[in-house]
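Enquirer: Sharing a structure, written as C-alpha cells. Questions coming.
None of the figures in this text is laboratory data; all of them are computed from the coordinates on show. Predicted, not measured: the structure shown is a model, and the values here were computed from it.
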C-alpha cells in the first residue's frame, strides 16, 4: 500500500540557507543506501560522503546519519542527509534519491507523514504529535515552553493516570455485573463513590489547566469597548506603539474590529479595537456594533474606555451590565490631559491620556497581573480545543455516573458511563481515534515533519 512505502522530504524551511536537511523513512532502507553510497552505513555514526546523480556526477558533499529501526523518530529506518541549503541542490538530491529508490517505491512525503508514522509506530502518542506542530508554530516563548513540556509527555501522563483509575473502577463494577445474584456490598459501594469523586476532582482540575493553556497558546484577548469617540482607537495605537487604527474627531470612525498583537511577559496579547456602542439606525454601523458585542463576549479582559470629559453614565452602565460576568473589566478614563477632576469620580478605574502617554504603564501593569495569573507557565500544556471538549465530555460522563450512586446503584449504567468517559480520554491520546481524525490533524503539519 502507498502508506507503507518509504518517504522522502526536505525537513528544513523553504528557501536558501547554510544547511538543508533531507529526511528519508522506510521499513527497509538498505537497498537505497547501497544505491546511493555503495556501502552499508553504520547506525548513529556521522558519515561525510559524496552524493552523486545517476550519471555519477557529484551533486554535493553531505553529512549522512543512519538511524536503524526502531531507534529512530518514526520507528522505521531513517536516513538524514545534511547538505548545502540551496533549493536547487536539495531538489537534485531528492530527484536522485527517488530515481535510485525506485525499486523500493520511494515517494515524496505528505504533510505531517513522518510524525504520523512516529505515532502509528508507538514512538509518541497523539498529544505529543500535536505538540510537535505547536512547538514549530509557537507564537511566544511561553507557548514554546508549554509545547516542549507536552512533547515530553506531561499531559499524556496525567490523562493516562486518570484512564488507569477509570479502568480499575470498571473492573470492579463489571466483576459485580458478572455475578448479578450477589448484591454489591456497602464497602464496595463506598469504594466506588470515593473513586468517582477522585476522578471527578482530577478532571475538573485538568479542564481548568487546559483552558488556561489554550489562552497561553492562542493569546489573551483584550477588547477596547465603549461609546463612539472616547479614544479607543487612539488607545490601541498608544498601547501598540504604532498607527494601527484610523483616528479622526468624527464619532463612529471605527466600523469593524481592528487588532494588534503585543507581548507581555512572553505571552501573546491580542488588543482589539471595536466600533463604538450606541443606538444607531445606520445599517453598517449597527453591524459594527454587533461585532463589538461578539468581540466582548469572547474577551478575556475588557478595557471599558470612557471619555472623562463627556460622561454618559446611563450608556456606561448599560455597557458594563451587558459585559459577561466572568469577564475581567478595567475602566479606562481616557483624555485625562484635558480633564476637569471636579466633574467626576475616577477612583474605580485608571486615568489615561492616549495623547501624552499618561497611565499607559499602569494599564500594562494591571493587565500583566491578570495575564500571568490566568496563564502561568508552570502548569501550562500545549493543548487543542479538541482536548478541552473531550475532557469536558469525560467529566460529564463521570458526573452522570455519580448521579446513579445516590439511591439505587445501577451498575450497568455506571459501567457504561465509565466506558464512555474512558473513550473520550483515549481519543485525546490517540488510542481510539478514527482515520478521518488522524487525517485532519496531520494534514495541518508542514511537509518534512
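Enquirer: Per the Cauchy relation, a quarter of the hull surface: what is the mean projected area of the convex hull of the alpha carbons in the stretch 89-239, in nm²?
Expert: Reported value for the Cα convex hull: 19.4 nm².
Enquirer: Let me ask something additional. The stretch 64-114: D in µm²/s via Stokes-Einstein (Kirkwood Rh, Cα pairs, 25 °C, 0.890 mPa s)?
Expert: Stokes-Einstein gives a translational diffusion coefficient of 199 µm²/s.
Enquirer: What angle, in degrees between 0 and 90 and rounded to the nearest 10, separates the Cα long axis of helix 283-297 from the longest principal axis of the Cα atoms of the chain?
Expert: It is inclined by approximately 70 degrees.
Enquirer: Over the chain, what relative contact order in percent results from Cα pairs under 8 Å that are six or more residues apart?
Expert: Result for the chain is 17 percent.
Enquirer: A follow-up question, please. Just want to confirm a number: the relative contact order over the stretch 84-154, from Cα pairs under 8 angstrom separated by 6+ residues, in percent.
Expert: With pairs under 8 Å counted, the relative contact order is 20 percent.
Enquirer: Note down the Stokes-Einstein diffusion coefficient of the chain in µm²/s, whole number, using a Kirkwood radius over alpha carbon pairs, 37 °C, and 0.692 mPa s.
Expert: 124 µm²/s
Enquirer: If you wrap a convex hull around the C-alpha atoms of the stretch 2-124 and split its volume per residue, what is the figure in Å³?
Expert: Residue-normalised Cα hull volume stands at 96 Å³.
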